[in-house]
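See below for the structure under consideration.
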Amino acid sequence: MRVKYVLCVSTNAGTIGPNNRHTGFFFPEIAHPFEVLDQAGIAMEFASPKGGKPPQDGFDEKDAVQVAFSNSAAYRRLAHSRPLRDVDVLDYDAIFFPGGLGPLVDIATDPEVKKAVMRAWNGGKIVSAVCHGPVAFLGATLDDGTPLVRGRKLTSFSTAEEDGYARADVPFDLEGALREAGAEHSSAPPWQPKLVVDGRLITGQNPASGTLVGEALVDALKRA
(Lines give C-alpha, C1' and ligand atoms only; values in the text may rest on other atoms or scores of the structure.)
Protein backbone atom coordinates (compact mmCIF):
# COMPACT_ATOMS: atom_id res chain seq x y z
CA MET A 1 0.00 0.00 0.00
CA ARG A 2 1.37 3.42 -1.00
CA VAL A 3 2.47 5.71 1.83
CA LYS A 4 0.38 8.88 2.04
CA TYR A 5 2.16 12.24 2.36
CA VAL A 6 1.12 15.49 4.02
CA LEU A 7 2.94 18.70 3.13
CA CYS A 8 3.26 20.94 6.20
CA VAL A 9 3.84 24.57 5.25
CA SER A 10 5.35 26.66 8.07
CA THR A 11 5.92 30.36 8.50
CA ASN A 12 9.36 31.95 8.20
CA ALA A 13 8.39 34.96 10.34
CA GLY A 14 10.16 35.21 13.69
CA THR A 15 8.70 38.51 14.89
CA ILE A 16 5.38 40.31 14.60
CA GLY A 17 3.86 43.65 15.44
CA PRO A 18 5.03 47.06 16.65
CA ASN A 19 6.79 45.54 19.67
CA ASN A 20 8.63 42.90 17.62
CA ARG A 21 6.98 40.10 19.56
CA HIS A 22 8.77 36.77 19.18
CA THR A 23 6.83 34.28 17.07
CA GLY A 24 7.16 31.46 14.56
CA PHE A 25 5.15 28.29 14.13
CA PHE A 26 3.49 27.18 17.37
CA PHE A 27 5.32 24.01 18.32
CA PRO A 28 2.43 21.79 19.45
CA GLU A 29 0.52 22.61 16.27
CA ILE A 30 3.02 20.55 14.29
CA ALA A 31 4.04 18.10 17.02
CA HIS A 32 0.54 16.92 17.88
CA PRO A 33 -0.76 16.36 14.33
CA PHE A 34 2.57 14.76 13.43
CA GLU A 35 2.24 12.22 16.25
CA VAL A 36 -1.18 11.10 15.00
CA LEU A 37 -0.08 10.94 11.37
CA ASP A 38 3.13 9.12 12.19
CA GLN A 39 1.31 6.48 14.22
CA ALA A 40 -0.99 5.92 11.24
CA GLY A 41 1.96 5.45 8.88
CA ILE A 42 1.42 8.79 7.11
CA ALA A 43 4.52 10.81 6.29
CA MET A 44 4.93 14.56 6.80
CA GLU A 45 7.28 16.69 4.74
CA PHE A 46 8.02 20.36 5.23
CA ALA A 47 8.06 23.57 3.22
CA SER A 48 7.97 27.28 3.99
CA PRO A 49 7.81 30.42 1.84
CA LYS A 50 11.58 30.96 1.96
CA GLY A 51 12.79 27.51 2.93
CA GLY A 52 15.30 26.74 5.66
CA LYS A 53 14.71 26.49 9.39
CA PRO A 54 11.41 28.04 10.47
CA PRO A 55 11.36 29.96 13.75
CA GLN A 56 9.34 28.34 16.51
CA ASP A 57 7.30 29.40 19.50
CA GLY A 58 5.41 27.73 22.31
CA PHE A 59 7.60 24.69 23.00
CA ASP A 60 6.59 23.00 26.25
CA GLU A 61 9.20 20.65 27.68
CA LYS A 62 6.54 19.12 29.95
CA ASP A 63 4.62 17.83 26.93
CA ALA A 64 5.99 14.40 26.01
CA VAL A 65 4.60 14.66 22.49
CA GLN A 66 6.47 17.91 21.85
CA VAL A 67 9.67 16.51 23.34
CA ALA A 68 9.40 13.40 21.16
CA PHE A 69 8.91 15.52 18.05
CA SER A 70 11.88 17.74 18.97
CA ASN A 71 14.05 14.61 19.02
CA SER A 72 12.69 13.11 15.80
CA ALA A 73 14.07 12.82 12.29
CA ALA A 74 11.00 14.77 11.16
CA TYR A 75 12.04 17.75 13.27
CA ARG A 76 15.50 17.61 11.72
CA ARG A 77 13.87 17.62 8.28
CA LEU A 78 11.77 20.62 9.32
CA ALA A 79 15.00 22.52 9.93
CA HIS A 80 15.68 22.14 6.19
CA SER A 81 12.23 22.99 4.88
CA ARG A 82 12.01 23.38 1.11
CA PRO A 83 11.08 26.73 -0.44
CA LEU A 84 7.43 26.43 -1.38
CA ARG A 85 8.15 27.62 -4.92
CA ASP A 86 10.21 24.45 -5.45
CA VAL A 87 7.41 22.13 -4.31
CA ASP A 88 4.49 20.77 -6.32
CA VAL A 89 1.64 20.20 -3.91
CA LEU A 90 0.15 17.66 -6.31
CA ASP A 91 2.96 15.31 -5.25
CA TYR A 92 1.24 15.15 -1.84
CA ASP A 93 -2.10 13.87 -0.61
CA ALA A 94 -2.83 16.81 1.68
CA ILE A 95 -1.51 20.22 2.60
CA PHE A 96 -1.44 21.48 6.18
CA PHE A 97 -0.81 24.93 7.66
CA PRO A 98 0.10 25.10 11.37
CA GLY A 99 -0.50 28.27 13.32
CA GLY A 100 1.43 30.55 15.59
CA LEU A 101 1.40 34.30 15.06
CA GLY A 102 4.05 34.05 12.33
CA PRO A 103 1.59 33.08 9.57
CA LEU A 104 -0.13 36.46 9.96
CA VAL A 105 3.13 38.02 8.73
CA ASP A 106 3.96 35.91 5.65
CA ILE A 107 1.48 33.07 5.04
CA ALA A 108 -1.30 35.69 4.99
CA THR A 109 -0.13 37.31 1.77
CA ASP A 110 2.54 35.14 0.16
CA PRO A 111 1.56 34.50 -3.48
CA GLU A 112 3.20 31.06 -3.54
CA VAL A 113 1.02 30.07 -0.58
CA LYS A 114 -2.14 31.14 -2.39
CA LYS A 115 -1.06 29.25 -5.50
CA ALA A 116 -0.30 26.15 -3.45
CA VAL A 117 -3.66 26.27 -1.68
CA MET A 118 -5.59 26.51 -4.94
CA ARG A 119 -3.44 23.97 -6.79
CA ALA A 120 -4.07 21.51 -3.97
CA TRP A 121 -7.79 22.30 -3.86
CA ASN A 122 -8.30 22.16 -7.61
CA GLY A 123 -6.26 18.96 -7.70
CA GLY A 124 -8.67 17.22 -5.36
CA LYS A 125 -6.30 17.21 -2.39
CA ILE A 126 -7.17 17.66 1.29
CA VAL A 127 -6.55 21.21 2.55
CA SER A 128 -6.11 21.69 6.29
CA ALA A 129 -4.97 24.18 8.92
CA VAL A 130 -5.06 24.86 12.63
CA CYS A 131 -5.25 28.00 14.80
CA HIS A 132 -3.81 30.95 12.80
CA GLY A 133 -3.01 28.59 9.92
CA PRO A 134 -6.32 29.25 8.08
CA VAL A 135 -4.91 32.67 7.21
CA ALA A 136 -3.43 30.74 4.27
CA PHE A 137 -6.90 30.60 2.75
CA LEU A 138 -7.40 34.37 2.66
CA GLY A 139 -6.75 35.62 -0.86
CA ALA A 140 -7.07 32.13 -2.35
CA THR A 141 -9.74 32.31 -5.03
CA LEU A 142 -11.53 30.00 -7.42
CA ASP A 143 -11.17 30.50 -11.17
CA ASP A 144 -14.15 32.86 -11.21
CA GLY A 145 -12.65 35.03 -8.48
CA THR A 146 -14.82 33.69 -5.66
CA PRO A 147 -12.95 33.37 -2.37
CA LEU A 148 -12.19 29.73 -1.59
CA VAL A 149 -13.73 30.09 1.88
CA ARG A 150 -17.02 31.65 0.76
CA GLY A 151 -19.87 29.50 2.01
CA ARG A 152 -17.51 26.95 3.55
CA LYS A 153 -17.64 25.84 7.16
CA LEU A 154 -14.41 26.33 9.08
CA THR A 155 -12.83 27.46 12.33
CA SER A 156 -9.68 29.31 13.36
CA PHE A 157 -8.20 31.10 16.34
CA SER A 158 -11.17 33.14 17.47
CA THR A 159 -11.63 36.84 18.07
CA ALA A 160 -12.25 36.12 21.75
CA GLU A 161 -8.99 34.18 21.98
CA GLU A 162 -7.01 36.89 20.19
CA ASP A 163 -8.41 39.56 22.50
CA GLY A 164 -6.82 37.74 25.40
CA TYR A 165 -3.59 36.77 23.67
CA ALA A 166 -2.04 39.05 21.06
CA ARG A 167 -4.49 41.77 20.05
CA ALA A 168 -1.83 44.50 20.22
CA ASP A 169 0.54 42.51 18.03
CA VAL A 170 -1.57 41.20 15.17
CA PRO A 171 -2.22 43.21 11.99
CA PHE A 172 -5.86 42.10 11.70
CA ASP A 173 -8.45 39.85 13.29
CA LEU A 174 -8.37 36.43 11.64
CA GLU A 175 -11.90 35.34 12.48
CA GLY A 176 -13.25 38.66 11.24
CA ALA A 177 -11.28 38.45 7.99
CA LEU A 178 -12.50 34.92 7.29
CA ARG A 179 -16.09 35.97 7.95
CA GLU A 180 -15.66 38.99 5.67
CA ALA A 181 -14.48 36.65 2.92
CA GLY A 182 -17.73 34.71 3.30
CA ALA A 183 -16.67 31.80 5.50
CA GLU A 184 -19.18 30.16 7.83
CA HIS A 185 -16.92 30.49 10.88
CA SER A 186 -17.72 28.80 14.18
CA SER A 187 -15.74 28.48 17.40
CA ALA A 188 -15.75 26.90 20.83
CA PRO A 189 -15.16 28.89 24.05
CA PRO A 190 -11.58 30.20 24.26
CA TRP A 191 -8.87 27.53 24.37
CA GLN A 192 -11.31 24.63 24.06
CA PRO A 193 -10.66 22.14 21.22
CA LYS A 194 -12.79 22.38 18.11
CA LEU A 195 -12.62 20.67 14.72
CA VAL A 196 -14.60 21.54 11.59
CA VAL A 197 -14.60 19.27 8.55
CA ASP A 198 -16.29 20.54 5.39
CA GLY A 199 -15.54 18.04 2.65
CA ARG A 200 -11.84 18.30 1.84
CA LEU A 201 -11.42 21.36 4.07
CA ILE A 202 -10.24 20.50 7.62
CA THR A 203 -9.67 23.17 10.27
CA GLY A 204 -8.96 23.30 13.99
CA GLN A 205 -9.47 26.29 16.26
CA ASN A 206 -6.41 26.51 18.50
CA PRO A 207 -3.39 24.61 19.90
CA ALA A 208 -5.71 22.24 21.76
CA SER A 209 -7.18 21.20 18.40
CA GLY A 210 -4.01 19.89 16.76
CA THR A 211 -4.63 16.25 17.63
CA LEU A 212 -8.19 16.51 16.29
CA VAL A 213 -6.87 17.87 12.99
CA GLY A 214 -4.38 15.02 12.80
CA GLU A 215 -7.11 12.46 13.41
CA ALA A 216 -9.35 14.06 10.77
CA LEU A 217 -6.48 14.00 8.28
CA VAL A 218 -5.91 10.31 8.96
CA ASP A 219 -9.62 9.56 8.46
CA ALA A 220 -9.78 11.58 5.24
CA LEU A 221 -6.60 10.07 3.82
CA LYS A 222 -7.80 6.56 4.54
CA ARG A 223 -10.95 7.30 2.56
CA ALA A 224 -9.17 9.06 -0.31
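The values are calculated or read from the model by the stated rules, or taken from the named source; none is laboratory data. The shown structure was predicted, so the numbers you read here are calculated from the model rather than taken from an experiment. Side chains are part of the model used for accessible areas, which takes the heavy atoms of the whole protein and leaves out ligands, DNA and RNA. Shrake-Rupley method; radii C 1.70, N 1.55, O 1.52, S 1.80 Å.
General remarks:
- Max mean-square fluctuation residue, GNM over the chain, Cα-Cα springs under 10 Å, options Val36, Val65, Val135: Val65
- q = 0.09, 0.13, 0.21, 0.23 Å⁻¹: log10 I(q)/I(0) that the Debye formula gives for the stretch 50-162, counting C-alpha atoms only: -0.27, -0.56, -1.33, -1.47
- Tail fraction, Cα-Cα pairs, the stretch 73-127, threshold 16 Å, whole percent: 49 percent
- Within the same chain, lysines fewer than 8 places from Lys125 are excluded, and of the rest, those with a Cα less than 20 Å from its Cα are Lys4, Lys114, Lys115, Lys153, Lys222.
- Fraction of accessible area attributable to carbon and sulfur, the stretch 1-42 (%, probe 1.4 Å): 51 percent
- Computed from the Cα positions only, the extents of the stretch 119-208 along the three principal axes stand at 37, 24, 18 Å, in decreasing order.
- For the chain, the orientation-averaged shadow of the C-alpha convex hull comes to 11.2 nm² (one quarter of the hull surface).
- From the C-alpha gyration tensor of the stretch 1-47, square roots of 5λ in Å: 29, 11, 4
- GNM top mover of Tyr92, Tyr165, Tyr75 - the chain, alpha-carbon springs below 10 Å: Tyr165
- Value of [θ]222 nm, deg cm²/dmol, for the chain, DSSP H segments ≥ 4, -39500 (n - 2.57) each, nearest 500: -8000 deg cm²/dmol
- Centre-to-centre, using Cα atoms only, the stretch 64-141 and the stretch 1-31 are separated by 8 Å.
- Gaussian network model of the chain, springs between alpha carbon atoms under 10 Å - residue of Asp163, Asp38, Asp93 with greatest fluctuation: Asp163
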